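Asker: There's a structure below that I have some questions on.
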Amino acid sequence: MFTSLLVANRGEIAVRIIRTARRLGIRTVAVYSDADRHARHVLEADDAVHIGASPASESYLRGSTIVAAALSTGVQAVHPGYGFLSENPDFARQVLDAGLAWIGPDPEVIAAMGDKISARNLMAANGVPVSRGTATPVPDTPAVRDIAADVGYPLMVKAAGGGGGIGMTVVRDETALAGALETARNRALRMFGSAALLLEQYIEPARHVEVQILGLNDGRILTLGERDCSIQRRFQKVIEESPCPALPTDLRERMLEASRRAGAAVSYRGAGTVEYLVDVARNEFVFLEMNTRIQVEHPVTELVTGIDLVEAQLLIAASEDTALCEPIPTGHAIEFRIYAEDPIRMLPAPGDIERWTEPTGPGIRVDGGYRAGDSVTSHYDPLLAKLCINGADRGVALDRARAALDSFVVTGIRTNIPLLSRLLDSDFFTSGDYHTQSLKDLLPAPESSR
């Protein structure tokens, strides 16, 4: 096992990685920008290196600067967390070329799965169900109308190089196609450096369900159950739970087997997630994407399996994973993402945190990146913490979640905690009968939110 590790990230995921590393006796090095000089992850690490100005483009996205920090502090490995450079194959190659261990899959796998077109083609070739869609980038010609008609409306326009719901637009008829394509191309070029787009059938209503996998050094692909991530705003997840409350046993088994095939298709090594759209009424599912990193929502899998996924990542990277085996998930777990944002319009709400009181008690876990006195800036994602709940069954988990949300106190800034409490008491969430558009039912019409 490694004796030293640099965490190339910030916020709650950096704190969470540092804590597992500390438990394993691994020395940790944090990196920080100007805005994060006194951040929680910096204080919890054994050492810290300043890497630049507050904007991510001048700090957390500077791969060569981060590699230099790793070399200067004598660490053996780099853990990228999620976001930033975690799915950047060039950064992974930089780390490896510097003689450091990369906590993640091979750069070639990251590249293959990072391009949504090549990923869906590869999955289809290996027996993983995919929706109707384009096998090549959408041309910027009048022929695109015929291609869209062949896919069928409604359809989804996606950035081929995007991920995490960024760069996606629903198109319901031909009249909206040209405008959606232009907007998507501009956004994709700005966000991902590539204007390549693909079209896919838009399934509604659908559930967004994903399977956690671990690819071991002996070639085995372990599946660790599924997570339901259907409660979303702007294609961004808000609440996740495991197991999915509406997944028939036969459908679950088919999804687990498809995920094993997906991992085997690229000789996957490390922690990864295979995401699907599920039409429960038809008992069908289609591949959405594969994330080649640890997920924001990984704690719900940890709570129902008892496996520390960061530790598993380190064991695999250090080739000490022989004792890992496929678990049988038990109980129920739910994760609530606590954001610094307006709970109605869901826009970021930066500011200074005056009071920060985390809930405690049986079955309650908080993965937080902030504390009282910290400033939340507009430079980074507004995720403050993840409130994770588990219980013997879903009913117990829901009861604990209500009490935990009521006692989670953050003042000085606006948060989405009021919205989460409303969600928790909604009929659709309580029953488990929800889909990716259900959150809209709790929000005011656009005219009344202005």
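The values are calculated or read from the model by the stated rules, or taken from the named source; none is laboratory data. Source: prediction; values computed, not measured. Quick reminder, even Gly has a Cβ in these numbers, built from the backbone with ideal geometry, and neighbours come from all protein chains shown.
Asker: Go through the stretch 421-447 and report how many residues are over 23 Å from R227 (Cβ atoms) and under 23 Å from the mean Cα position of the chain (by Cα). Walk me through it before giving the result.
Answerer: Of all residues in the stretch 421-447, those over 23 Å from R227 (Cβ atoms) come to 443-447.
Applying the additional criterion that residues be under 23 Å from the mean Cα position of the chain (by Cα) yields none.
Residues flagged as over 23 Å from R227 (Cβ atoms) and under 23 Å from the mean Cα position of the chain (by Cα) within the stretch 421-447 amount to 0.
Asker: Answer yes or no: is there a residue in the stretch 340-349 that is among the β-branched types (V, I, T) and modelled with pLDDT under 95.
Answerer: Of the stretch 340-349, the ones among the β-branched types (V, I, T) are 344.
The next check asks that each one be modelled with pLDDT under 95; those that pass are 344.
Within the stretch 340-349 (the criterion being among the β-branched types (V, I, T) and modelled with pLDDT under 95), the answer is yes, since at least one residue qualifies.
Asker: Report those strands (runs of 3 or more DSSP E) wholly inside the stretch 1-110 carrying at least 2 residues which are closer than 30 Å to L122 by Cα and touching a strand residue (DSSP E or B) at 6+ places or on another chain (Cβ under 8 Å). Give the derivation first.
Answerer: Details: elements: 4-7, 27-33, 47-52, 77-79.
In the stretch 1-110, 77-79 are the strands (runs of 3 or more DSSP E) which contain 2 or more residues that are closer than 30 Å to L122 by Cα and touching a strand residue (DSSP E or B) at 6+ places or on another chain (Cβ under 8 Å).
Asker: Would you check if there is a residue in the stretch 349-365 being among the hydrophobic types (A, V, I, L, M, F, W, C), exposed (fewer than 15 other Cβ atoms within 10 Å of the Cβ) and in a strand (DSSP E or B)? Full working, then the answer.
Answerer: Start the filter on the stretch 349-365 by keeping residues that are among the hydrophobic types (A, V, I, L, M, F, W, C), which leaves 349, 353, 356, 364.
Checking the rest, the ones that are also exposed (fewer than 15 other Cβ atoms within 10 Å of the Cβ) come to none.
Taking every residue of the stretch 349-365 in turn, none turns out to be among the hydrophobic types (A, V, I, L, M, F, W, C), exposed (fewer than 15 other Cβ atoms within 10 Å of the Cβ) and in a strand (DSSP E or B).
Asker: State whether one or more residues within the stretch 228-236 are assigned to a helix (DSSP H, G or I), touching a Gly at 6+ places or on another chain (Cβ under 7 Å) and at pLDDT below 90.
Answerer: Here is the first cut: in the stretch 228-236, the residues assigned to a helix (DSSP H, G or I) are none.
No, the stretch 228-236 contains no residue that is assigned to a helix (DSSP H, G or I), touching a Gly at 6+ places or on another chain (Cβ under 7 Å) and at pLDDT below 90.
Asker: Which residue pairs have Cβ atoms under 7 Å apart, sit 6 or more places apart or on different chains, and have a first residue in the stretch 229-246 that is on the phi > 0 side of the Ramachandran plot and a second that is assigned to a strand (DSSP E or B)?
Answerer: Matching pairs, first to second residue: F235/M168.
Asker: For D441, all conditions in the list (1) touching a residue at least 60 places away in the same chain (Cβ under 8 Å); (2) out of contact with any helix residue (DSSP H, G or I) (no Cβ under 6 Å at 6 or more places or on another chain); (3) in a helix (DSSP H, G or I) hold save one; what is the number of the exception?
Answerer: The failed condition is (1).
Asker: Consider V138 carefully, then state whether it is crowded, with 20+ Cβ neighbours inside 10 Å, in a loop (DSSP other than H, G, I, E, B) and modelled with pLDDT of 95 or more. If you could, list the steps in order and put the result at the bottom.
Answerer: On the way: crowded, with 20+ Cβ neighbours inside 10 Å: yes; in a loop (DSSP other than H, G, I, E, B): yes; modelled with pLDDT of 95 or more: no.
For V138, the condition - crowded, with 20+ Cβ neighbours inside 10 Å, in a loop (DSSP other than H, G, I, E, B) and modelled with pLDDT of 95 or more - is not met.
Asker: Within the stretch 388-437, count every residue that is closer than 30 Å to D279 by Cβ and either of a type outside the set (G, A, S) or buried (at least 19 other Cβ atoms within 10 Å of the Cβ) (or both).
Answerer: Result for the stretch 388-437: 26.
Asker: Restricting to the stretch 275-286, name every residue that is farther than 12 Å from H208 by Cβ and either touching a Lys or Arg at 6+ places or on another chain (Cβ under 6 Å) or aliphatic (A, V, I, L, M) (or both).
Answerer: Within the stretch 275-286, the subset farther than 12 Å from H208 by Cβ is 281-284.
Within the stretch 275-286, just A281 meets the criteria.
Asker: When you scan the stretch 372-420, how many residues do you find that are outside any loop (DSSP other than H, G, I, E, B) and under 19 Å from the mean Cα position of the chain (by Cα)?
Answerer: Residues of the stretch 372-420 that are outside any loop (DSSP other than H, G, I, E, B), as a first pass: 375-376, 383-391, 394-407, 409-411, 417-420.
If we keep only those that are under 19 Å from the mean Cα position of the chain (by Cα) as well, we get 383-389, 420.
Adding up the residues that qualify gives 8.
Asker: Condition test on T169, is it more than 30 Å from K386 (Cβ to Cβ) and surrounded by fewer than 21 Cβ atoms within 10 Å (Cβ to Cβ)? So that I can check it myself, show each step before the final result.
Answerer: Values: more than 30 Å from K386 (Cβ to Cβ): no; surrounded by fewer than 21 Cβ atoms within 10 Å (Cβ to Cβ): yes.
No; evaluated as a whole, the condition is false for this residue.
Asker: For the stretch 75-90, name all the residues that are within 24 Å of I166 (Cα to Cα) and touching a residue at least 60 places away in the same chain (Cβ under 8 Å).
Answerer: First pass over the stretch 75-90, keeping only residues within 24 Å of I166 (Cα to Cα): 79-90.
Those that are within 24 Å of I166 (Cα to Cα) and touching a residue at least 60 places away in the same chain (Cβ under 8 Å): H79, P80, G81, Y82, G83, F84, L85, S86, E87.
Asker: Considering only residues that are assigned to a helix (DSSP H, G or I) and small (G, A, S), which ones fall in the stretch 111-135? Reasoning before the result, please.
Answerer: Taking the stretch 111-135 and keeping what is assigned to a helix (DSSP H, G or I), we get 111-114, 116-125.
Those that are assigned to a helix (DSSP H, G or I) and small (G, A, S): A111, A112, G114, S118, A119, A124, A125.
Asker: Considering only the stretch 264-274, state which residues are within 12 Å of M123 (Cα to Cα) and either surrounded by fewer than 18 Cβ atoms within 10 Å (Cβ to Cβ) or under 21 Å from the mean Cα position of the chain (by Cα) (or both). Even if it seems obvious, please write down each step before you answer.
Answerer: Let us first name the residues in the stretch 264-274 that are within 12 Å of M123 (Cα to Cα), namely 264-266, 274.
Within the stretch 264-274, A264, V266, V274 meet the criteria.
Asker: Report yes if some residue within the stretch 294-316 is surrounded by fewer than 20 Cβ atoms within 10 Å (Cβ to Cβ), touching a Lys or Arg at 6+ places or on another chain (Cβ under 9 Å) and modelled with pLDDT of 95 or more; otherwise report no.
Answerer: Within the stretch 294-316, one or more residues are surrounded by fewer than 20 Cβ atoms within 10 Å (Cβ to Cβ), touching a Lys or Arg at 6+ places or on another chain (Cβ under 9 Å) and modelled with pLDDT of 95 or more.
Asker: For residues that are of a type in the set (V, I, T) and in a loop (DSSP other than H, G, I, E, B), scanning just the stretch 277-334, find the one that is farthest from R207 (Cα to Cα).
Answerer: From the stretch 277-334, those of a type in the set (V, I, T) are 278, 280, 286, 292, 294, 296, 300-301, 304-305, 307, 310, 316, 322, 328, 330, 334; that's our starting set.
Imposing the further condition that a residue be in a loop (DSSP other than H, G, I, E, B) reduces the set to 280, 292, 294, 296, 307, 322, 328, 330.
Values: V280: 8, T292: 21, I294: 21, V296: 18, I307: 25, T322: 34, I328: 23, T330: 22 Å.
Once the filter is applied, the top-ranked residue is T322.
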